[in-house]
Structures are given as structure tokens and as C-alpha cells.
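Student: The structure is given below, and queries will be raised subsequently.
FYI, it's all coordinate maths here, none of it is from the lab. This is a predicted model, so every value here is computed, not measured. Note that we place each Cβ from the backbone using ideal geometry, even for glycine, and neighbour counts take in every protein chain shown.
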Amino acid sequence: MLNRKNKLLLFKLLSLFSVVRGYNILMITLAQYLASIYILSPDLPLHDVILDFNLFLIVTASALVIASGYIINNFYDAEKDLINKPTKSMLDRLVSQRFKLTTYFILNFLAVIAASYISFRAVFFFSAYIFGIWLYSHKLKRIPFIGNLVSSSLAIAPFFVVFVYYANFQTVIFVHALFLFLLILAREMIKDLENMAGDMAQNYKTIPILYGTNISKLIIGLLIVLTLIPSLLLINIFDIGYMYIFFLACIGLLLLFIILLWRANGKKHYVWLHNILKFIIVAGVFSILLIDIDLVLNRIL
């Protein structure tokens, strides 16, 4: 049995894991590696990609910066989260704000150190990434739509750096990126509907607060319709192996999403819509394996 001190330590570790959203970081790390193996460098042997030390440093630096980003975002949103996410907020508060800030600076320092082993350009990129996340958390997130655009751009930045590393400029990669960007942007706007109570209390100027929920729904619906375009392109034009099954399922889910969106009228409904988009994104990560099943077997064997 754990004594009181050990239980408190365990709860603080869980609190820190909650603040940095460790599950999201693990998923992004997996997505970076799968994208590198099956999309960005399909002709390289599996072991050459997995054992690439520079790629490992890129993924590590990305994870450290993303973790620090969640911390600084949590720091600025502490009061708002008490309203929007009271249960999670109480868990997050087991770790002091001072400790969070100390951890924030340590993680960013380690990220820059990791990047310095790659190149000066990597140091510049991750330094800019750190600054961009801070600027978004401190100022830009309060600006309607600009905050959503910036947040979505920051979310796909870890994939951008891997894309630049492999210098693979095939059209199919840009179509994949467009699909992901539109999906994340729609999710960010759903979060604005979901968090209206806390946003109003903290004087955030989001689209649903300024222009109403119907205008917000109209924009989200348009984004979802636009998301169908890269889905259809990937199915009909590009060779994506059995991953076409994922995009066919996406089209069905996204059409259902649009119907549910117009019927939604409360936070509970918006949480469900948010979870649908989150499910599509997570499923998309694992569906990368379907691009070439023979390639998977050949690389392993």
C-alpha cells in the first residue's frame, strides 16, 4: 500500500501528465514516425528511418516543445479552465504555477539543445516554434479566427519540420496536410463553442461570442465541406493503398458531423462533435499503416 506521501507524489505526476497532455504527445510522436516511414520516405529501408538519429532528435525536440506549449497554455488559461473543465482543472492545480513555469523553461531549453545537434536551422525553427506558442497563448488566442488559424498551424508544425527534413515535395503530401489542417481548424472552432462559458467570463473574443453560434456553425460546416475535397482527391487520384478505406469512412462520418452540428444546442453536444473529429484524427494516424501493407511486411522481413 502507498503511504500518504507517495500517493501525493503519484497524484502530482498524474497532474503533470494531465497538464502536458502526455497522451497527445505520444500520439504526435507516433504520427511523426509513421508519416516519415510510409509517406515521406517510402523508399528508405525501415531501419534507416527508425534508427535515424537526426529524426529522433527532431521528434524529441517536437515533443518537448509541445509539452512546454501545453504548460504555458494551461498557465494562461487557469481561470478559464476552472469554468470549462472543473474536474481536470482541480487535478492540474496539484502542481503549483511556479513549478509549471520552471518545467516550461527547462523543456524549452532541452528542446533547443536537442535541435543544436541537428543544425542551426533546426535551432532557429524550434526557437520560432517556442515563441509562436507563447505568443498564441499570451495574445493571439483572444483574437477571433486568427487565434484558430494560428493554433491549427502550430498543431501541424511538427509534421512540417519532418517534411522539410526529408525534402519530399510530392503533391500527395500537401493534400494530406490540407486534410489535416482543415480538420484541426474545424476542431479548434468546435472548442470555442464548447468553451463559451469560460471564454465569456474571461472576456475572450471568439467567433461564437462575437457573432453567435449560428455563424460559428456555418463556418465550421464550410470547413468540413472543404475537408471532403482532399479526401476525394486522395481516394480518386493518388495511390494511397488501402488507406482509401479510412477516407471513405471519413466522408461518411463528416457528413454525419454536419447533420449533428446543426442540431447541436449545448456543451454536451459540442463535446460529442469534438470527440468525433478527435477520433478521425487518431484513426488517421493508425490508418497510415494501410498505405502499403506489403511494404510493412517486406520491411519487417
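Student: What label, among (i) 20.1, 61; (ii) 21.0, 64; (iii) 19.8, 68, belongs to Rg and Dmax of the Cα atoms in Å computed from the structure on display?
Tutor: Step by step, Rg and Dmax of the Cα atoms in Å for this structure corresponds to label (i).
Student: Sticking with this one: Run the quick spin-label model on ASN168 and ALA197: label points 7 Å from Cα toward the beta carbon, then report their separation in nm to one decimal.
Tutor: 4.5 nm
Student: Follow-up question, since we're still on this one. Say R0 is 35 Å: what FRET efficiency, to the nearest 0.05, do HIS138 and ASN265 get from their beta-carbon distance? All intermediate terms of the calculation are to be shown ahead of the outcome.
Tutor: On the way: r = 33 Å, r/R0 = 0.94.
Given R0 = 35 Å and the Cβ-Cβ separation, E is 0.60.
Student: Mind checking the dipole of segment 170-301: about its Cα centre, +1 per Lys or Arg Cβ, -1 per Asp or Glu Cβ, Debye to the nearest 20?
Tutor: Working: 9 positive and 7 negative charges, 94 e Å.
For this selection, approximately 460 debye.
Student: Quick one: check the C-alpha center-to-center distance for segment 30-54 versus segment 118-186, whole angstrom.
Tutor: About 20 Å separates the Cα centre of segment 30-54 from the one of segment 118-186.
Student: Can you compute the helix-only [θ] at 222 nm over the chain? Use -39500 (n - 2.57) per DSSP H run of at least 4 residues, normalise by all residues, nearest 500 deg cm²/dmol.
Tutor: Values: 16 runs with 241 residues, N = 301.
One gets -26000 deg cm²/dmol as the mean residue ellipticity at 222 nm.
Student: Which shape class applies to segment 48-202: rounded if a/c is under 1.5, otherwise prolate when a/b exceeds b/c and oblate if not, where a ≥ b ≥ c are the square roots of the Cα gyration tensor eigenvalues?
Tutor: Oblate shape, in that a/c is at least 1.5 and b/c is the bigger or equal ratio.
Student: Can you give the Rg and Dmax of segment 170-301 based on its C-alpha atoms, in angstrom?
Tutor: 17.0, 58
Student: How many percent of Cα pairs in segment 198-251 exceed 16 Å?
Tutor: Numbers: 818 of 1431 pairs.
Tail of P(r) above 16 Å: 57 percent of Cα pairs.
Student: Select from LEU34, SER151, ASN54 the residue farthest towards the positive end of the dipole of segment 19-169; place +1 on Cβ of Lys and Arg, -1 on Cβ of Asp and Glu, and compute about the Cα centre.
Tutor: Positive-end residue among those listed: SER151.
Student: While we're here: What helices in the chain pass both tests, a Cα length along the helix axis of 15 Å or more and a mean Kyte hydropathy of 0.5 or higher, using whole DSSP H runs?
Tutor: Details: long enough: 4-19 (22 Å, 0.71); 22-35 (20 Å, 1.09); 53-76 (35 Å, 1.49); 97-116 (29 Å, 0.97); 120-138 (27 Å, 1.13); 146-166 (30 Å, 1.66); 171-194 (35 Å, 1.49); 213-236 (35 Å, 1.90); 244-263 (29 Å, 2.51); 267-287 (29 Å, 0.77).
Flagged H segments are 4-19, 22-35, 53-76, 97-116, 120-138, 146-166, 171-194, 213-236, 244-263, 267-287.
Student: How many nm is it between the label spots at TYR211 and PHE279, if each spot is 7 Å from the Cα in line with the beta carbon?
Tutor: Going by the 7 Å Cα→Cβ label model, 2.9 nm.
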